[in-house]
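The values are calculated or read from the model by the stated rules, or taken from the named source; none is laboratory data. Fair warning: this is a prediction, and the values are worked out from it, not measured in the lab. Cβ coordinates were reconstructed from backbone atoms using ideal geometry, including for glycine residues, and neighbour counts include every protein chain displayed.
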Amino acid sequence: ENAFVWFRNDLRVTHNPALLAASQYSATHGGRVYALLVTSPLEWRSIHNWGLPKASYYVRTVSVLRRELSKRGIEMLLHTPTAKNATEYYKALASEIVQLCKSQNCSAVYMNAEYDGVALERDAAVASALDTAGILHHTTHDQCVVPVGKVLTQSGTPYKVFSQFKKTWIRYIEEHGLDMIDSEPTEIEKSSTILPDIELDLGYDMHEYPNWDLNALHTTFPAGETEARKRLHEFLQKSVSGYHEDRNHFMEGGASKLSAPLAVGAISLTECLLAARIANKGALNSGSPGLLTWMSELCWRDFYRHVLFHFPHVGRGASFRPEFEHLSWRGWPPNIEPAAEEHFQAWCEGRTGYPIVDAAMRQLRREGWLCNRLRMVVAMFLTKDLRIHWRRGEQHFNQFLVDYDFSSNNGGWQWSASTGTDAQPYFRIFNPLLQSEKFDPSGDYIRRYVDELSKVSAPSIHDPFKRCKGFDQLKYPRPIVDHSKVKEQVLALFTAATTVT
Ligand code: FAD
C-alpha cells in the first residue's frame, strides 16, 4: 500500500515531517511514496491572494523539488482541480484527492499543518472526504520551531506580548531540545531523467506589474532548498556578525533574504535556528549580538503563527485589538472615498512626495522585497500619516511580496498600525524624514529608485520640497500630507479610541 505526501508550503526534502511519516508508512506497508502537489492558480490567486512574485517563485521551487524527489525515486503528481470558485474548489479538490488516492493505491495521506483560515477550511474539506472514503490521513507539525499551543503563560493562556513569548519559547527549546528530522527518502528506483521546469499559465494581469523584472527576481531569489541552505550558511559566515546594525541600513543588504524560501518552506525555520544556535556556540540567550538579534527575528515569525492559531479573528480581517476596529480609518471599504483612493494610489506607486516612502514603494513594485525597517516605514506612513486602513496595505503587500506569508504580513501590518498584539504603541509614530536621514544618510538608496532625484545630493534629497531651490524642475511630487499636522490628528483619534468606555 502506498502513501501520499501532500506538499503545500513545505517544498523541501530535508527536515520534512510529513515526508518522513509517509516514508515510514509506505515502508511498513511494503509500498511506495508519491508526492502530490496541487497546482491551482485559482487557489493561489483568489483564495490565498498571492501576487505574481510569490506564485512564480512557488512554481520555480516546485520544479526544483520535483527534480530532487525524482532523483530519490519519488514521483510527483501535479494535479489541478477544475472549479469556478472557492466553494466549488474545496469540494472538487477533496473528491479529486480521494480519486487520486484510489488510482495510485494510496491508503494514507500525510501533510504538514497550516494555520491560516483558508488553509484550515481546505484541509477540513479534504480530511472529511478522506474519512468518508476510509483513507487514513495525518497532519504533522512543521511550520513553527515550537509547536503551536506549546508556548503558554503559567495560567495556560496564549501570550500577547512578544518579549514574554520569547522567554517561554527559549525555555521550551532548552527543555525539549531541537533536532533535524531525517526525512531523506531511501532510494527506490532512482530516476535518471532530468525533469524540465514546470510551465503554468498563472493568469495574472501583467498590467498590474508594469515595472516587473522577473529575471532580477530569479537572480536575487534562486529557487530550491540547496540554494536556500547555501544562502543560510553564507549569511551566517559573512554577514550575521553585523546583522544587529546593518539590517537597518537601506543600502547595505545586511539581512539574510531567506524570507522567500521560508515562505514556501524550501528551508525550515528549525534548520535556520539550529544553524544559528550552533554558530552561537549553542546559546539562545547570550553570545554574539548579531546572532542573538537574528534568532530573535526567527522567533517573531513563530510568534505571529502562534498568534494566528490562538486568535483566529486576526486571520479574518479583524484588528487584534477591538478598540481600534472602528477608528475612523480611511479607504475602507475600498473605492468609496475618492480622496483616500488618490492617496492610496500615490502610496502604491511611490508618488507621496516623501522620498524614502517612494523609493521603498518603487523597490517593492520592481523587486518584490523590502527590508523590515522599510516595511515598517511605509506601513506606518499608510496607516498613520494617511490614516488608510491597514488591510489595504496588507492586500497591496500580498500582491507584490515574493516572500508573502499570511501571518508575518498580518502581524507586521497590525504592529505598524498599532492594532495588533504587542503593537507599536500608537503614540510612537515614525517620522519618515528622520528614518531617511538615519538609515540612508548618503541618499544612495533613494537615488537608486527615485529617478527624479538622481541628481539631488544629501541632505536635500531627504526633503526636496523644503530643501531644493529648483524643486519644481525636478518633476517630483509635492508631499501629499504634512507629517507634523497629520500626526497630531491621528494621535487624537487613537487617544479617543482608547478612552471610550
Ligand atoms: P532577516 O532579517 O534575515 O530575518 C530572518 C527571518 O526572520 C526572515 O526571513 C523572517 O522569516 C523572520 N523575520 C524577520 N523579521 C520578522 C518580523 N518582523 N516578523 C516576522 N518574521 C520575521 N515577512 C515575511 O516573511 N512575509 C511577509 O509577508 C511579511 N510582511 C511584512 C509586512 C510588514 C508591514 C512588516 C513590518 C513586516 C513583514 N514581514 C514579512 C517581516 C519582515 O519584514 C521580513 O520577514 C523580513 O524583512 C524578510 O527579510 P529577510 O529574510 O532578509 O529577514
remark   = Taking first residues from segment 243-264 that are on the phi > 0 side of the Ramachandran plot and second residues anywhere that are more than 8 Å from the ligand (Cβ to nearest atom), the pairs with Cβ under 8 Å that are 6 or more apart or on different chains are 253/246; 257/220; 257/221; 257/231
Residue list for segment 97-117, filter: crowded, with 17+ Cβ neighbours inside 10 Å and modelled with pLDDT under 95 = 115, 116
message = Consider segment 53-87. How many of its residues are under 19 Å from residue 118 (Cβ atoms) and assigned to a helix (DSSP H, G or I)?
response = 5
remark   = Filtering segment 268-298 down to residues that are touching a residue at least 24 places away in the same chain (Cβ under 8 Å), small (Gly, Ala, Ser) and outside any helix (DSSP H, G or I) yields 268, 288
inquiry  = Can you confirm whether residue 301 is out of contact with any Gly (no Cβ under 8 Å at 6 or more places or on another chain), assigned to a helix (DSSP H, G or I) and away from the ligand (no atom under 12 Å from the Cβ)?
reply    = no
task = Residue by residue through segment 285-295, note down the ones that are surrounded by fewer than 16 Cβ atoms within 10 Å (Cβ to Cβ) and either under 13 Å from residue 246 (Cβ atoms) or within 21 Å of the chain's Cα centre (by Cα) (or both).
result = 289, 293
Filtered residues of segment 233-267 (kept if outside any helix (DSSP H, G or I) and more than 7 Å from the ligand (Cβ to nearest atom)) = 248, 249, 250, 251, 252, 253, 254, 265, 266, 267
Selected residue [of a type in the set (A, V, I, L, M), surrounded by fewer than 22 Cβ atoms within 10 Å (Cβ to Cβ), touching a helix residue (DSSP H, G or I) at 6+ places or on another chain (Cβ under 8 Å) and in the same structural domain as residue 71 (by TED's automatic domain parsing)] from 11, 42 = 42
task = Check whether at least one residue in segment 306-319 is at pLDDT 95 or above, within 12 Å of the ligand (Cβ to nearest atom) and not hydrophobic (A, V, I, L, M, F, W, C), and report yes or no.
result = yes
inquiry  = Restricting to segment 248-286, and then to whatever is charged (D, E, K, R) and farther than 23 Å from residue 173 by Cβ, can you tell me which residue is modelled with the highest pLDDT?
reply    = 257
ask   = Are there any pairs with C-beta distances below 7 angstrom linking a residue in segment 413-442 that is in the same structural domain as residue 481 (by TED's automatic domain parsing) and farther than 25 Å from residue 158 by Cα to a residue that is of a type in the set (Lys, Arg) and crowded, with 23+ Cβ neighbours inside 10 Å, with the two at least 6 apart or on different chains, and if so which?
value = 429/384
query = Considering only segment 359-395, how many residues are under 17 Å from the mean Cα position of the chain (by Cα), closer than 21 Å to residue 259 by Cα and near the ligand (Cβ under 10 Å from one of its atoms)?
reply = 12
Residue 488 vs. criteria without any contact (Cβ under 8 Å) to a residue 60 or more places away in the chain and farther than 17 Å from residue 433 by Cα = no
task = May I ask you to verify whether residue 428 is surrounded by fewer than 17 Cβ atoms within 10 Å (Cβ to Cβ), at pLDDT 95 or above and farther than 30 Å from residue 228 by Cβ?
result = no
request  = Quick one: count up the residues across segment 268-278 that are over 18 Å from residue 65 (Cα atoms) and more than 10 Å from the ligand (Cβ to nearest atom).
outcome  = 5
inquiry  = Going residue by residue through segment 89-102, is there one that turns out to be assigned to a helix (DSSP H, G or I), touching an Asp or Glu at 6+ places or on another chain (Cβ under 8 Å), outside the structural domain of residue 396 (by TED's automatic domain parsing) and closer than 17 Å to residue 21 by Cβ?
reply    = no
task = Scan (1) of a type in the set (S, T, N, Q); (2) within 11 Å of the ligand (Cβ to nearest atom); (3) surrounded by 21 or more Cβ atoms within 10 Å (Cβ to Cβ) for the single condition residue 352 breaks and write down its number.
result = (2)
Helices (runs of 4 or more DSSP H) lying entirely in segment 340-406 (those with 3 or more residues that are of a type outside the set (Phe, Trp, Tyr) and under 15 Å from residue 208 (Cα atoms)) = 355-367, 390-400
message = Of everything in segment 401-434, what is within 10 Å of the ligand (Cβ to nearest atom) and closer than 30 Å to residue 464 by Cα? Give them in sequence order.
response = 401, 412, 413, 415, 416, 417, 424
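Please go through segment 14-37 and pick out each residue that is surrounded by fewer than 20 Cβ atoms within 10 Å (Cβ to Cβ), touching a residue at least 40 places away in the same chain (Cβ under 8 Å) and of a type in the set (Val, Ile, Thr).
14 - this is the single residue of segment 14-37 that is surrounded by fewer than 20 Cβ atoms within 10 Å (Cβ to Cβ), touching a residue at least 40 places away in the same chain (Cβ under 8 Å) and of a type in the set (Val, Ile, Thr).
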query = Within segment 214-228, is even one residue in a helix (DSSP H, G or I), within 15 Å of the ligand (Cβ to nearest atom) and of a type in the set (Phe, Trp, Tyr)?
reply = no
